[in-house]
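Notes to accompany the following structure.
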Amino acid sequence: MKKITLLSSIVFTTLCCFSQNNIIKDSSKLKIDTNKIVKDESWDKTFTSVEIEPQFPGGTEAFNKYLQKNLKPSTPANNGAPAGTYNVQVTFIVDTNGDISNVYGKINNNGNDYGTIAEVVKVIKKGPKWIPGMQNGHKVKSYKVQKFTFTVKED
């Protein structure tokens, strides 16, 4: 009985090793296109981080021109702000069509914003559609954070 058991163990082990070698040889011939591998992600969610950030149409230069034309840099001074720097951070969502929503801002120096938040929110809301963010080759809905600095100089 011991001989039969030992013999069957040797045959089983040999078959397993033979099969594994064939699998390894066969799998080495497989070509996997890693660009087509898509992780199980929900494309309907709002991404906080994406591979390619949402962009203003035309890029940074076009965005700067848009701001120069539409943003009023004198807003804090017109609202009685003392000399200083006022940093505003605006967060908004760019959907898969490039539409902007959920625009809100905060001032980074924990003081009075002197109208700067309302000014920046207004300019972002009235702007054109943005180029959506991209994740794994898909247009996705994502957050965009944009910082603005207003400076009030002494007279």
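List of remarks:
- All conditions but one from (1) over 22 Å from the mean Cα position of the chain (by Cα); (2) modelled with pLDDT of 95 or more; (3) acidic (Asp, Glu) apply to Asp26; the one that does not is (2).
- Any chance Ala81 is loosely packed, with under 14 Cβ neighbours inside 10 Å and aliphatic (A, V, I, L, M): no
- Looking only at residues of the range 111-131 that are assigned to a loop (DSSP other than H, G, I, E, B) and farther than 11 Å from Lys72 by Cα, we find that the one that is modelled with the lowest pLDDT is Gly111.
- Where a residue in the range 109-135 is in contact (Cβ under 8 Å) with a residue 60 or more places away in the chain and more than 16 Å from Pro57 (Cβ to Cβ) and its partner, wherever it lies, is of a type outside the set (S, T, N, Q) and surrounded by fewer than 14 Cβ atoms within 10 Å (Cβ to Cβ), with Cβ under 9 Å and at least six apart: Gln135/Glu41; Gln135/Trp43; Gln135/Glu51
- Scope the range 50-72; condition farther than 19 Å from Val121 by Cβ and either touching a residue at least 12 places away in the same chain (Cβ under 8 Å) or touching an Asp or Glu at 6+ places or on another chain (Cβ under 6 Å) (or both); matching residues: Val50, Glu51, Ile52, Glu53, Gln55, Pro57
- Checked against the criterion of being in the same structural domain as Lys129 (by TED's automatic domain parsing), of a type in the set (Gly, Ala, Ser) and more than 17 Å from Lys147 (Cα to Cα), the candidates Gly105, Gly58 yield just one match: Gly58.
- In the condition set (1) surrounded by fewer than 21 Cβ atoms within 10 Å (Cβ to Cβ); (2) at positive phi; (3) of a type outside the set (Lys, Arg), Tyr114 is compliant with all but (1).
- Considering residues of the range 41-59 that are among the β-branched types (Val, Ile, Thr) and assigned to a loop (DSSP other than H, G, I, E, B) only, the residue nearest to Thr91 (Cα to Cα): Thr48
The values are calculated or read from the model by the stated rules, or taken from the named source; none is laboratory data. Treat the numbers as computed from the prediction; the structure is a model and nothing was measured. Please note: Cβ atoms are built from the backbone with ideal geometry, for glycine as well, and neighbour counts cover all protein chains shown.
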